[in-house]
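The values are calculated or read from the model by the stated rules, or taken from the named source; none is laboratory data. Source: prediction; values computed, not measured. A quick note on method: Cβ atoms are made from the backbone with ideal geometry, for glycine too, and the neighbour counts reach across all protein chains shown. What goes into the accessible areas is simple: the full protein's heavy atoms, side chains included, and nothing from ligands, DNA or RNA. Shrake-Rupley method; radii C 1.70, N 1.55, O 1.52, S 1.80 Å.
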Amino acid sequence: MTWNERTTGRVRAVAGLTVAGLAAVGLTGTADLAGYQRQRLDWHGCQRDSADQAGAELDRAGAACTELTVPLDYARPDGRRITVALSRLAATDPARRIGVLLLNTGGPGAPGMSDVLPVRQWMGDVGARFDLVGLDPRFVGRSTPLDCGWPSGTWTRSAGPDRAGFDRLTAFEQDLAARCARRNATLLPHVTTRNTARDMDLLRAVLGEPKLSYLGYSYGTYLGAVYTQLFPDRADRVVLDSAVDPATYGARVLRETGPANEAALRDWADWAARHHDRYRLGNTGPRVLATVDRIRAAAARSPLRVGDYRVDAQVLPFLLFNRLSDDRDETHADLAETVRVLRDAATSGGAAPTASLADTLAFALTGAQSATGSVQAAILCGDVPVPRDPEQYWREIHEYRASEPRFGELTRAISPCAFWPEPPRERPTVVRNDVPALIVQSTGDTRTLYRHGQAMHRALTGSRLLTLHDARIHGVYGNYADGCVDRAVNAYLADGVLPAADLGCTRPPVGPRG
């Protein structure tokens, strides 16, 4: 459900059907796709080997897995073919079966095959009436792979406090783009949201379904909106949770989130101050923030030794940002443990990471999950062009440094898309249609801001907006266990009828937080 984030232990203009030169070539059941549409899916067990615990869990739940063959290039469907992997948890109430509910929990580029398991639980009784389908989108997970051989699982880095750091970051991002160009030049033009939406509709046809229901989180809301734009008559029930603004989607999607994350850090600091006896980070919010700033200053002077890793001023903001999208005590405690380790490293010459921090550092500072960042960048860079002049990024970071002192240099940083080998082959999708959809958004979301959800609501003129007030969470339905939100979403999934007007839920008061 996240943008450029590492988590552990939790799931997480103009109207028209097309806006690009490819138009509807082979997209809506023409002869070009007839052979693909006639394919028979070979459903089989999900576990691949004894180490595949995710597959074993799917098998225990009664799911089945398969691979769908799709064209690499929908403009040339007789060319190279690739596969996308998927799982299916069949409806257990076939007499009242509604249809297929396809899931996407974001990323971009997050695997989706295991998502059927928690979502079936979140849906309660209505879950039994759907075939839940979890998709590994093209080039993700078990689908035909794409890996650029990066030294990191993410391109997200801070520019740091000075020009020298920005120049190092620029060289880092340029190298990431060059690695992708060397290893995957023929694939990159086809790693796009529009092509994933086309894969979705091909899957719908192969499954024999007249329409497709959809639940998407974060980036998955953009994917769902693009699907409704390309195939408006094929969409049934559509739920978009923690929605992006489709007009500002792209590699710079986080550029406006600095103030929200500054506010979230202040909220967390107040929480940590109330737990000073445990974490010893400061007994008031401002003192906790002062501790954070001392750590930042130390990392800017010399990288902090955290286990086998070195945390410098370009990595440190990511570690803070990574844990600010959730206001629950568990996540606050995880950030407090992280800051305590970093404080100890700054004052004692080194410290051992917690298991959670070690996982995040391995993700950010080794190539063990290179494919994750590679595909995420390929999707974003393939969808929407970005400015290619590094000086534009440097000027913007400098302009906002005073108002976004801890996160602006991260959220406004340059990305590999500034150096991508070629611009997108299709123009960005303009989302403007009246397909009914339920949009779910928390007012405190630090990844896709509340106003982004409002913008999606305006773009989908037939939609309703369900707001969770007084909560800071990215990924609301099911994940946050808010009864008001979950009941409203499940009611819509059950009967397909949107609320007569926009709805609001308020997080129950919990007294002094923590």
Going through the stretch 163-175 in order, the residues found to be open to solvent by 10 Å² or more (accessible area, probe 1.4 Å) and either modelled with pLDDT under 95 or under 19 Å from residue 366 (Cα atoms) (or both) are 168, 170, 171, 172, 174, 175
The one condition residue 372 fails out of (1) among the hydroxyl-bearing types (Ser, Thr, Tyr); (2) open to solvent by 30 Å² or more (accessible area, probe 1.4 Å); (3) in a loop (DSSP other than H, G, I, E, B) is (3)
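For residue 257, indicate whether it is surrounded by fewer than 18 Cβ atoms within 10 Å (Cβ to Cβ) and of a type in the set (Ser, Thr, Tyr).
Working: surrounded by fewer than 18 Cβ atoms within 10 Å (Cβ to Cβ): no; of a type in the set (Ser, Thr, Tyr): yes.
No, not satisfied.
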For the stretch 331-362 the number of residues that are closer than 24 Å to residue 259 by Cβ, open to solvent by 10 Å² or more (accessible area, probe 1.4 Å) and hydroxyl-bearing (Ser, Thr, Tyr) is 1
Here the residues within the stretch 71-114 that are crowded, with 23+ Cβ neighbours inside 10 Å, within 15 Å of residue 195 (Cα to Cα) and polar (S, T, N, Q) are 104
Going by the conditions given, is residue 452 within 24 Å of residue 262 (Cβ to Cβ) and crowded, with 24+ Cβ neighbours inside 10 Å?
yes
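Among what's in the stretch 348-369 and is assigned to a loop (DSSP other than H, G, I, E, B) and more than 23 Å from the chain's Cα centre (by Cα), pick the residue that is modelled with the lowest pLDDT. Before you say what the answer is, go through the steps one by one.
The first filter runs over the stretch 348-369 and keeps only residues assigned to a loop (DSSP other than H, G, I, E, B), leaving 349-350, 352-354, 366-369.
With more than 23 Å from the chain's Cα centre (by Cα) added as a condition, the list becomes 349-350, 352-354.
Numbers: 349: 94, 350: 97, 352: 98, 353: 98, 354: 98.
Top of the filtered list is 349.
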Counted residues in the stretch 429-470 being under 29 Å from residue 156 (Cβ atoms), basic (Lys, Arg) and either in a strand (DSSP E or B) or touching a Phe, Trp or Tyr at 6+ places or on another chain (Cβ under 8 Å) (or both) come to 1
Residue 392: passes all of (1) open to solvent by 30 Å² or more (accessible area, probe 1.4 Å); (2) of a type in the set (S, T, N, Q); (3) touching a helix residue (DSSP H, G or I) at 6+ places or on another chain (Cβ under 8 Å) but (3)
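Quick one: which residue in 287, 237, 328 is open to solvent by 10 Å² or more (accessible area, probe 1.4 Å) and farther than 30 Å from residue 122 by Cα?
Numbers: 237 fails: farther than 30 Å from residue 122 by Cα; 328 fails: farther than 30 Å from residue 122 by Cα.
From the options 287, 237, 328, the qualifying one is 287.
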